[in-house]
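What follows is a short report on a single structure.
The values are calculated or read from the model by the stated rules, or taken from the named source; none is laboratory data. Worth saying up front: this structure is predicted, and the values here are computed from it rather than measured. Don't worry about glycine lacking a Cβ; one is built from the backbone with ideal geometry, like all the others, and counts go over all protein chains shown.
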Amino acid sequence: MKTFSATEFRKQFPILQTVSDSDNIIYFDNAATSQKPVAVINALHDFYLNNNANVHRASHFLSAKATKSYEVVRAKVQSLIKAKFENEIIWTKGTTESINLVAQSYGLNFIKAEDEIVISMGEHHANIVPWQHVAQQTGAKLIILPLDDNGIIDLSEAERLITAKCKLVAVNHISNVIGKINPVKQLITLAQKYSAKTLIDGAQAVAHIAVDVQELDCDFYVFSAHKMYGPTGVGVLYGKQALLESMPPYQFGGEMIKKVSFTGTTYNELPHRFEAGTPNIAGVVGLGTCLDIFIEKPILPMIDYEQQLCHYLYQQLSKIEQVQFLVKGCPDIPVFSFTFSGFHHQDVASHLDSKGIAVRAGHHCAMPLLEGLGLDGSIRVSLAAYNTFNEVDVLVKQLQALCLGESAPQSSTNTHIENEQYSKFITQEQVLTLFSKATSWDLKHREIMLLSKQLTRLNKEHRQPQDLISGCESDAWLVVNFNTTTSKLSFQADSNAKVIRGLMVIILSVYQHKTAAQIHDFDIEEYFQVLGLMQHLSPSRGNGIKAIVERIKEIAYNYQ
């Protein structure tokens, strides 16, 4: 067996060497998307530079060259997942579109009223919402399989809930939150007992374990290239040939057509009948390079290394008392979700981000799972084969520092405004002074966390549903008071996350005790640019700020 070197493997990923501000990054958000190796990046560049043409359609050399480069990847994917026929591999934009294709083409045509669609509590939204839609449109019923204490689908409950009414079982191979391998082979066998079809969401599986769709005997298997070191915008739908041939097309036009006339149109053969329009040719070519170099040949040694990394991280996290895993036991792939006692998940992620460690915080596109566990979010740390034991040690050290209070925010400047000087709400000028002296994201983050202490918390009874700000991943409330004499608005704000409270203080530094016209005239985005915060805010926090500002402006509009 070929040996695997994480050090050599890591060298293939340019972004892991440095990032834009010349700081090293520890990337632990691989369950969302993996980083891309230079060979894949070069493959996309080379295609557009030397081979760019549409596939299948033109009668010239460049098109023939592009078509060959494109179609050979289909055979590589067939080999990767051990499909029986090459035409069982359908290109899509990603796992989500693959599931939607099956929902629209199979679900809406073959599932009827009173039929049952079975999914699990642990599904990604992309494997819930399409089936909700099918159930609503057809009159079918959605059945939810529970998880056991270890976070895997409970087989005994599955045996009870999967009945002769079941027409489809759609479950994940591995949860994007829990990281445990589900007993999909047993579930497929159980579904086959009632002649039900099966769809397996392999988005989290293909990069971490060997997959054999014939051995599984599933009807559909779906995954995305971007989670396995490949390009974004490329997905795979595997389906059994006979089943795919029985399904009507999902979209119309372009490649899926054999003949068009105003008296009738005939559709193309597999796989093209499900691939309408110009595909992501360069992305597919890039996936082919990825499969050649990083997946097919060294996958077993990679898996062995990831398992070592996985068990090491589990052992280290288990030593931290504040870490509470969502389920029992070590995950089967290095995807860890946990809460951190005494800290909001957004604050943990924000602290780690300030130290150059990228993790995910929130519901991870699995709201029903988190709600079922009685949580509004968690921290997720997901590793890949380019991560190292040293990076795990850095993560653990920062978590230990956080729980020991060693990283509690301290003033980054000697001129920080003392608490007693906040008898009046902090002003725009004071905020600008603070952040002008904070020259790194670590120091800016410290200032944000310090400012969070200046926000007077709302009593729980004052956190009314009508004051909840829609669009913030962390619960946030905004209460307004209008002074009829001065026509100025003042606000009380609160959030469960300290980082959001700190950002609220910054926002209110320019909106507090202002008229509606003054609120609407102020450019908050430019303000955050001047403070040097825009480039450091994660999408979830950036969207949260936008939601807070929009709510304030909406309130101001009502008082004009």
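Quickly run through segment 485-513 and pick out the residues that are surrounded by 19 or more Cβ atoms within 10 Å (Cβ to Cβ) and among the aliphatic types (A, V, I, L, M).
Within segment 485-513, 489, 493, 497, 499, 500, 503, 504, 505, 506, 507, 508 qualify.
Tell me, which strands (runs of 3 or more DSSP E) wholly within segment 162-273 include 3 or more residues that are within 26 Å of the chain's Cα centre (by Cα) and of a type outside the set (Gly, Ala, Ser)?
166-172, 197-201, 220-224, 235-239
Here's a check for you: in segment 514-536, which residue that is under 31 Å from the mean Cα position of the chain (by Cα) and crowded, with 18+ Cβ neighbours inside 10 Å is farthest from residue 448 (Cα to Cα)?
Filtering first and then ranking leaves 524.
So, of the residues in segment 324-346 that are hydroxyl-bearing (Ser, Thr, Tyr) and more than 19 Å from residue 387 (Cα to Cα), which turns out to be surrounded by the fewest Cβ atoms within 10 Å (Cβ to Cβ)?
341
May I ask you to list the residues in segment 119-138 that are touching a residue at least 12 places away in the same chain (Cβ under 8 Å) and either farther than 19 Å from residue 102 by Cβ or under 19 Å from the mean Cα position of the chain (by Cα) (or both)?
120, 121, 122, 123, 124, 125, 126, 127, 128, 130
Among the numbered criteria (1) assigned to a strand (DSSP E or B); (2) in contact with a Leu (Cβ under 6 Å, 6 or more places away or on another chain); (3) aliphatic (A, V, I, L, M), which single criterion is violated by residue 158?
(1)
Looking at 63, 22, 69, can you tell me which residue is small (Gly, Ala, Ser), over 14 Å from residue 230 (Cβ atoms), in a loop (DSSP other than H, G, I, E, B) and at pLDDT below 95?
22
Kindly indicate whether any position in segment 455-464 is touching a Phe, Trp or Tyr at 6+ places or on another chain (Cβ under 9 Å) and part of a helix (DSSP H, G or I).
yes
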